[in-house]
1. Of all residues in the stretch 44-66, which are assigned to a helix (DSSP H, G or I) and over 19 Å from Asp24 (Cβ atoms)?
2. Can you say whether Ser60 is modelled with pLDDT under 95, of a type outside the set (D, E, K, R) and over 13 Å from Tyr83 (Cβ atoms), as far as the supplied structure shows?
3. Please name all residue pairs, on different chains or six or more residues apart, with Cβ atoms under 6 Å, provided the first residue is in the stretch 32-56 and is within 15 Å of Leu82 (Cβ to Cβ) and the second residue is of a type in the set (A, V, I, L, M, F, W, C) and surrounded by 12 or more Cβ atoms within 10 Å (Cβ to Cβ).
4. Against the definition (without any contact (Cβ under 8 Å) to a residue 12 or more places away in the chain and touching a strand residue (DSSP E or B) at 6+ places or on another chain (Cβ under 9 Å)), how does Lys87 come out, yes or no?
5. Restricting the stretch 42-76 to residues that are over 14 Å from the mean Cα position of the chain (by Cα) and among the acidic types (Asp, Glu), which is nearest to Glu23 (Cα to Cα)?
6. Enumerate the pairs (first residue in the stretch 67-78 and in a helix (DSSP H, G or I) and at pLDDT below 90; second residue anywhere and surrounded by 14 or more Cβ atoms within 10 Å (Cβ to Cβ) and not charged (D, E, K, R)) with beta-carbon separation below 7 Å, excluding pairs fewer than 6 apart on the same chain, so at least 6 apart or on different chains.
7. Within the stretch 13-31, track down each residue that is surrounded by fewer than 19 Cβ atoms within 10 Å (Cβ to Cβ) and either of a type in the set (Val, Ile, Thr) or over 22 Å from Lys87 (Cα atoms) (or both).
8. Given the options Gly33, Gly15, name the one that is within 19 Å of Glu63 (Cα to Cα), of a type in the set (Gly, Ala, Ser) and not in a strand (DSSP E or B).
Amino acid sequence: MVGKLAVSLAGHDKGSIFLVIREDGDVIWLADGISRLYQSPKRKKRKHVQLVLNGGMDSSELEDLFQNPADADTKIKRCIKLYSMEKANERR
């Protein structure tokens, strides 16, 4: 689940897209690179998010993300933006 994109289903951030940074039992930690940074991710219960099937980072990108946290927010924003653009193109 780590490295996958997820959409918030509940709360003030409903409908927002996040990247799953880590998971701990029934709780996952999410970042979007803008309001929720890699250093201070959003804590959310699994039942309040829906995973995106074809979005996220591959294992090499994740490895780089965890080893180089200075550029993490930029990489997270890019991943979310690419997914959003792809989704917008599908609607056309």
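The values are calculated or read from the model by the stated rules, or taken from the named source; none is laboratory data. All of these numbers come straight from a predicted model, not from anything done at the bench. Positions of Cβ are generated from backbone atoms using ideal geometry, with glycine treated the same way; all protein chains shown enter the neighbour counts.
1. First, pick out the residues of the stretch 44-66 that are assigned to a helix (DSSP H, G or I): 46-48, 59-66.
Listed by number, the residues that qualify are Ser59, Ser60, Glu61, Glu63, Asp64.
2. Numbers: modelled with pLDDT under 95: yes; of a type outside the set (D, E, K, R): yes; over 13 Å from Tyr83 (Cβ atoms): yes.
Taking the combined requirement at face value, the residue satisfies it.
3. So the pair list comes out as Asp32/Phe18; Gly33/Ile76; Val52/Leu5; Gly55/Leu5; Gly56/Leu5.
4. Numbers: without any contact (Cβ under 8 Å) to a residue 12 or more places away in the chain: yes; touching a strand residue (DSSP E or B) at 6+ places or on another chain (Cβ under 9 Å): yes.
Answer is yes for this residue.
5. Only one residue tops the list, namely Glu63.
6. Partner pairs satisfying both residue conditions: Pro69/Tyr38.
7. Arg22, Glu23, Asp24, Gly25, Asp26, Val27
8. On the way: Gly15 fails: within 19 Å of Glu63 (Cα to Cα).
Residue meeting the stated conditions: Gly33.
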